[in-house]
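Participant: Below you will find the structure I want to go over with you.
Derivation of every value follows stated rules applied to the coordinates shown; laboratory data play no part. Every value quoted in this text rests on a predicted model; they were computed, and no experiment measured them. No Cβ is skipped: glycine too gets one built from the backbone with ideal geometry, and neighbour counts run over all protein chains shown.
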Amino acid sequence: MLIYSLKRFGVAILVTFAVSVITFVLLHASGDPAMAMAGEGATQEDIEYVREHFGFNRPMLVQYIDWFVRALQGDFGISIYLKIPVAEVIAAKAPITAILGASALTFALLISIPLGVLAAMKPNTIFDRIALTIAVIGQAMPTFWFALLMMIFFGITLRILPVSGNTTWQHFVMPSIALGYYAMPAIMRLTRAGMIEVLSSDYIRTARAKGLRPRTVLFKHALRNAIIPVVSLSAVQLGFMLGGSIIIETIFSLKGLGNLAWQSIQRSDFDVMQALVLSIAMFYILLTYLADLLNAFLDPRIRVS
Amino acid sequence: MTALFEVKNLTIDIPVPSGMLHAVRGISFEAMRGETLCIVGESGCGKSLTSLAMMDLLPTTAIRNAEKMTFQGQDMRSFSEHQMSDIRGSQMGMIFQEPMTSLNPSYSIGDQLTEMLIRHKNASRAEARERAIYLLEKVGITAAASRLNQYPHQLSGGLRQRVMIAMMLMCDPALIIADEPTTALDVTIQAQILLLLAELQKEFDMGLILITHDLGVVARVADRVAVMYAGEIVEAGTAEEIFNRPTHPYTQGLLDCIPIPGKTARGAKLGAIPGIVPSLVGVIEGCSFRERCKYASDACAKPGIELVPVSGIVEEHVTHDYRCVLSADQCVENLAGNA
């Protein structure tokens, strides 16, 4: 178990490093940072001054190493628009996105796992059809449109939920549902498929032959095995959600990382964008790592060699 | 002696796209305490379905019917799923064909053994653990205490089957059904497992129903034998009778397929039964074996060939029934003429 987790951790570090390189290269390839920072209507001298001042005239490799060494010390530069350290900006916004992501995933899991189990227990019945319909709608409907529909219905027609801001927990209800609904169908389908497979397995027949109670058979013997792939998928889905939060946070005016990313792209705030991509990637890598550990805990074939 | 388990006229039908598959077509048998009943037959003759029907573990699409089905005198046909689950594992155990996949990969051996005793006997964890260690030793597993913490994937097929056997003994059941328990195992392990089962059956005075297609095994452990063909019992009786006086042409054919040390000459061809098992979809009129039988005549196509006693048995407790239009003497003569 220890060796396994160390190995996974090593892989996580390598992936983080790779992501930092790719982000750096892609951002610098997306346009001349000096020109973007100098702004519209800047003279050639202004641009040259910016290029000189911020060191954009140095070779790419040198710039990367310089950035990387400072990043290791927690220094991600200063936001050219907000004029405060990038690390501070991100630290201030991260909790909002974390709350949004966690509650969206919780919502998705709470709905999709029971639905998936129910659909698997009664395949090809009305329950299964309803679950399938919910899944298809979730997969087909664009997140932003669903978010707008909810805003119209709950926010404007019924007036029971606030449509923008992030001051109370009510502000997080609609964004979490909108974001979670997007992840739900995949988790539900995987739970259903896994449960159907497990329920027809030999060891479930054994469990029944042992005279165990139906709920013991279902939850202890079946779900435990069916849930293993769902853990990995949930981590991936949460990663997608972090991407999706850019749209959702913008729609609901939640001032989180997604919103910050959207604004920074518009402001060509290079250092912020760079740090954002890296921190979202790191968050994702951390989730995958945790999912791997959870899987090892659940599946002794990984844990005990 | 009253029967531990008794079934009369059991039928199992499975709807398939081309009609109704009559997998088991009216079989009757009984299992006694302290006795080994072997159900023999080739693949697809309904042996496994019969055993699942006894445990009420048939696939949901299968339809089970029986004139009579009792376990320890109680009518099982009226049992609810809840009542069945009380009996399963505690009074009636089942060992399956596939030891590699029959244990839950996520739980330790100890957990899977002890949960039975905790469920059925309200035992404490410590008591259940003690019994698990005792039984693991009984089934010939060394270092039993440390095995409890191991997981199925750490054990070989033979060991897993031993664990399965120990598991089914946890609640001291009256009857064990073993459905081809050695088919998936190494040849070298097969005999060990079967002899172990036979030994345990004697020691714990259980009824054992052993389902197999291996007649060599049957000869060693059976008290009584039922030979199944195409969902029917074609011959049944005490083991000695079946092996000494195989009467039904199918039983004769089966016995002809195995070499007998000292009797079968080196290099001699072993017997084989030509043809394949008939399709069980729809009604089979007359003898189901007639297509493959070398003694078949027009009489075999007539319906209503019943299982009848072989004449001339006077000894007590010796039974021998067969299902053929020929007289038993004629059948035995046929065999002698062939040899």
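Participant: Bin width 10 Å, origin at 0, all Cα-Cα pairs of segment B:207-286: what percent of pairs per bin?
Facilitator: Percent of pairs per bin, in order: 15, 46, 30, 8, 1.
Participant: Per the Cauchy relation, a quarter of the hull surface: what is the mean projected area of the convex hull of the alpha carbons in chain B, in nm²?
Facilitator: 19.0 nm²
Participant: Next up: State which entries of B:LYS138/B:LYS202; B:LYS8/B:LYS47; A:LYS7/A:LYS93 exceed 23 angstrom in Cα-Cα distance in the structure shown. Mind showing how you got there, number by number?
Facilitator: Details: B:LYS138/B:LYS202 13 Å; B:LYS8/B:LYS47 15 Å; A:LYS7/A:LYS93 32 Å.
Going by Cα-Cα distance, A:LYS7/A:LYS93 fall outside the 23 Å limit.
Participant: Specify, per residue and in Å³, the volume enclosed by the convex hull of the alpha carbon atoms belonging to chain A.
Facilitator: Expressed per residue, the convex hull around the Cα atoms of chain A is 165 Å³.
Participant: I've got another one for you. Hey, any idea what Rg/Rh is for segment A:2-143, computing Rh the Kirkwood way over Cα pairs?
Facilitator: In segment A:2-143, Rg relative to Rh is 1.18.
Participant: Pairs of Cα atoms under 8 Å, at least six residues apart: use those to get the relative contact order of chain A, whole percent.
Facilitator: Details: 327 pairs, mean separation 79.5, N = 305.
Reported as a whole number, the value is 26 percent.
Participant: Can I ask one more? Would you calculate, for chain B, the mean residue ellipticity at 222 nm contributed by helices, counting each DSSP H stretch of 4 or more residues as -39,500 (n - 2.57) and dividing by all residues, to the nearest 500?
Facilitator: Value at 222 nm, helices only, nearest 500: -9500 deg cm²/dmol.
Participant: Once you place label points 7 Å from the Cα toward the Cβ at B:SER311 and A:PHE144, how far apart are they in nm?
Facilitator: 9.4 nm
Participant: Could I ask something else about it? Give the whole-number value, in cubic angstrom per residue, of the convex hull volume spanned by the C-alpha atoms of the protein assembly as shown. Write out the running numbers ahead of the final one.
Facilitator: Working: hull volume 151.4 nm³, N = 644.
It is 235 Å³ per residue.
Participant: Find the Cα radius of gyration of segment A:2-72, compare it with 2.2 N^0.38 Å by division, and give the number to two decimals.
Facilitator: Numbers: Rg = 17.0 Å, N = 71, 2.2 N^0.38 = 11.1 Å.
Output field value: 1.53.
Participant: In terms of modelled amide H atoms, which long-range or inter-chain residues lie less than 5 Å from the amide H of B:VAL310?
Facilitator: So B:VAL310 has HN proximity to B:HIS320, B:ASP321, B:TYR322.
Participant: Would you list B:HIS22, A:HIS221, B:HIS153 from fewest to most Cβ contacts within 10 Å?
Facilitator: With the fewest neighbours first, B:HIS22, A:HIS221, B:HIS153 line up as B:HIS153, B:HIS22, A:HIS221.
Participant: Let me ask something additional. Is there a quick way to get the dipole size of segment B:261-328? I mean about its Cα centre, with the Cβ of Lys and Arg at +1 and of Asp and Glu at -1; what is the value in debye to the nearest 20?
Facilitator: Once rounded to the nearest 20, the dipole reads 540 debye.
Participant: Compare the Cα positions of A:GLY194, B:GLY41, B:HIS320 along the charge dipole of the protein assembly as shown (+1 at Cβ of Lys, Arg; -1 at Cβ of Asp, Glu; about the Cα centre) and return the one farthest towards the positive end.
Facilitator: Going by the Cα projections, it comes out as A:GLY194.
Participant: Can you pull the Rg over Rh of segment B:171-211, Cα-only, Kirkwood?
Facilitator: 0.99
Participant: Rank-order B:285-298, A:176-189 by packing density, defined as the average count of other C-beta atoms within 10 Å over each peptide's residues, highest first.
Facilitator: My ranking of the peptides, most packed first, is A:176-189, B:285-298.
Participant: I've got another one for you. Calculate I(q)/I(0) for segment A:208-305 by the Debye formula, one identical point scatterer on each C-alpha and no solvent, and give its log10 at q = 0.14, 0.17, 0.22 Å⁻¹ to two decimals.
Facilitator: -0.68, -0.82, -1.06
Participant: Report the one residue of B:MET76, B:ALA219, B:GLY286 whose Cα lies farthest in the direction of the positive end of the charge dipole of chain B (charges on C-beta: Lys and Arg +1, Asp and Glu -1; origin at the Cα centre).
Facilitator: B:ALA219
Participant: Please report the spacing between the Cα centers of segment B:248-265 and segment B:31-82 in Å, no decimals.
Facilitator: Comparing the Cα centres of segment B:248-265 and segment B:31-82, I get a distance of 29 Å.
Participant: Which one of A:ASN225, A:ALA178, A:VAL236 has its Cα pushed farthest toward the positive end of the charge dipole of segment A:86-241, where Lys and Arg give +1 and Asp and Glu give -1 at the Cβ?
Facilitator: A:ASN225
Participant: Please get the size of the charge dipole for the protein assembly as shown, origin at its Cα centre, with Cβ charges of +1 on Lys and Arg and -1 on Asp and Glu, quoted in debye to the nearest 20.
Facilitator: Working: 52 positive and 56 negative charges, 170 e Å.
Value, rounded to 20: 820 debye.
Participant: I would also like to ask the following. Can you give the charge dipole size of segment A:137-267 about its Cα centre, rounded to the nearest 20 debye, using +1 on the beta carbon of Lys and Arg and -1 on the beta carbon of Asp and Glu?
Facilitator: In total the dipole reaches around 580 debye.
Participant: Here is a further query. For segment B:232-339, what number results from the quotient of the Cα radius of gyration and 2.2 N^0.38 Å?
Facilitator: 1.13
Participant: Pull up all non-local amide H partners of A:ASP299: gap of 5 or more, or a different chain, and H-to-H distance under 5 Å with H placed in the peptide plane.
Facilitator: Amide H neighbours of A:ASP299: none.
Participant: For A:LYS122, go through the lysines and keep the ones whose alpha-carbon is under 20 Å away, minus same-chain ones fewer than eight residues off.
Facilitator: Within the straight-line cut-off, A:LYS122 pairs with A:LYS220.
Participant: Now, a different point. Normalised by the residues of segment B:232-339, what does the relative contact order come to in percent, with Cα pairs under 8 Å and at least six apart?
Facilitator: Once divided by the residue count of segment B:232-339, the mean separation gives 36 percent.
Participant: Tell me which residues come under 5 Å, amide H to amide H, from B:VAL234 once H is placed; ignore anything under 5 positions away on its chain.
Facilitator: Counting only residues 5 or more places away or on other chains, the set is B:VAL227, B:MET228, B:TYR229.
Participant: Which loop-located GluC sites (Glu not before Pro) does segment B:1-107 contain, where loop means any DSSP state but H, G, I, E or B and the Cβ has at most 15 other Cβ atoms within 10 Å?
Facilitator: Passing sites in segment B:1-107 are B:GLU67.
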